Every structure is written in C-alpha cells, then in structure tokens.
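First the structure, in the form of structure tokens, and then the observations on it.
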C-alpha cells in the first residue's frame, strides 16, 4: 500500500511541477524579470523547500543529522546528473540555446560550498560560535554572494521564436502577469506540500528496506526531493527555455547548502558536521567532479564540451552508486 501511495504522490508532484514550469516560463516571456532571477532564485527556492523541511525534520524530530547531509549532497549530485541527462537528450537544441553568463559564477560558488565542507571535515575550519559551526557562517556569506549574481544578472536576449510566442500570448490575454502570479503562488504551495508528503513516504520506504541513514538520504530522499527540479527542468527544455532550466538547477544546488545552515541552527545538542562516513566522502568527491564538469561546460560553450561534460557528470553519479 505504501508503494502505491508513493507512486500516486510522485505523479501529483510531477503534474504540479509541470504547471509551475509553465507559469515561470510565462513570467519570463511576459515580464522584465531576468531569467536568472526567475530560475535561480524564485523557481529554485520553491523546488528546494522539500529538501529544507525534510532535512530540518530529520535533524530535529528524528535525530539523524546524517540523513540531512546525505539528502543535501545526494540531491545536489542528482540535480546535476538529471540536467546532464536532459542536455544529452536535447543536445542539438541546447547547443544553440542562450544561457546567462552569471551561472558560471554561481557554479563556482557551489564548488566553494563543497570545499568548505572538505575543510570542515579535515578539521581546518571546524569550531563553533555559540552553537553554530563556523562552516555554516561561511556558507551564509558565500550563498549571499551567489544570490547576488542571480539577482543582478543581465538577462539573455530572446530569440525570434520567443518574441513571436510572447506577442501571441499577450494578445490572447491569458498570460498577463496579474493572472499568472496568483496561479503560481497557489501551485507553489501545493507543490511544497505534495513534495513533503512524498519525502515522508520515501523515508518510510527506506526504513522498510533497511537502508543506512546516509544512503537513505542520498538515494531515496535525495532523489525524491529532487523530483520537482527534474520535472520543471525537463518541462522548460521542452518549452525551449534553457536559461531558466539551467538556473533552476544551479540555484537549487546553491540553496541546498543553506539547508545545512538551517539544520545546524536548530540542532542545538547535535552535530551536523560529524565525522563523515564512506558514503559522504563519495558524495563529496563525485559532487566536486560534477560541479567542475558543469562549470567547464558553461565556460566553454561548444559542441564538444556540451557533450563530454554532461557525460562525465553521469559517470560521476554512476561511480557514487556502484563504487
């Protein structure tokens, strides 16, 4: 029965993710808001809320901070891999798509987040200010820098097809911002609730099949909480809005590290940054490889890098699963 409930809830999350992708795409085409802001901050914030609630609950209510770390790192690695697979599937279209240059800086900042964790686990930066770890303080500073890049990024120019689409929809009057925003808000709330229920069911399944906490966080919870990012990015690729699709992933991966900060804040008598197990070490290593490959792909946009780099990301995820 629990597996049927899981499938039903997953289907609901997929449907809501498709709807919210359409609304964000409409906002991008019919407002002056930048695609980097819409994808990297607005959409990624909504699709990352399940990770936030799940990780904080795992720390406060369940007393398993290793679930939190596994969920965040597993979700980030899965997000990179999901987008890499989509890019390979839409390779010819994506090579001609226009992507904001600000995402390069954001991916470097995500890479910096990984390095902060490595330095913490190496006991180079691992001490508390009151009950907050210095790593969490540094992560907040780094996150604000990344959010700044997304908020002030210059938008990419629309192509002729997008301009024609925008003019047609504005003439119809169905995609006016004053009509889209309320629908976006309602769908966002529904998506967050459905995603949280999906993660609760996922946790119950992980207990039933007796996975270790880190593996449960990285595989089941990490994937389950990434379903919104996966579905929205796939939908945006079909709508040929590659800019917001990429921004959704890099913004979500950046926001996910802020979740560790929130968990550290509420974990008064628990350690979030405990001595890492083998699974966490593998997640860190594969995540760093994925971030580097993603940066190279964005920095050198040509057919070779836009095929080789996504393939490397997929192999990094496979290495985590099977090594």
Task: Ordering of 71-79, 92-100 by burial proxy (mean other Cβ atoms within 10 Å per residue, highest first) - done: 71-79, 92-100
Task: Linear extension gain, residue 115 paired with residue 129, 0.36 nm per residue minus alpha-carbon span - done: 3.0 nm
TODO: Rounded to the nearest Å, what's the spacing between the alpha carbon centres of segment 242-292 and segment 93-143? Just the number, please.
DONE: 8
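Throughout, read-outs are computed from the coordinates displayed, never taken from laboratory work. These figures come from a predicted structure and were not determined experimentally. As a convention, Cβ positions derive from the backbone with ideal geometry for all residues, glycine included, and neighbour counts pool all protein chains shown.
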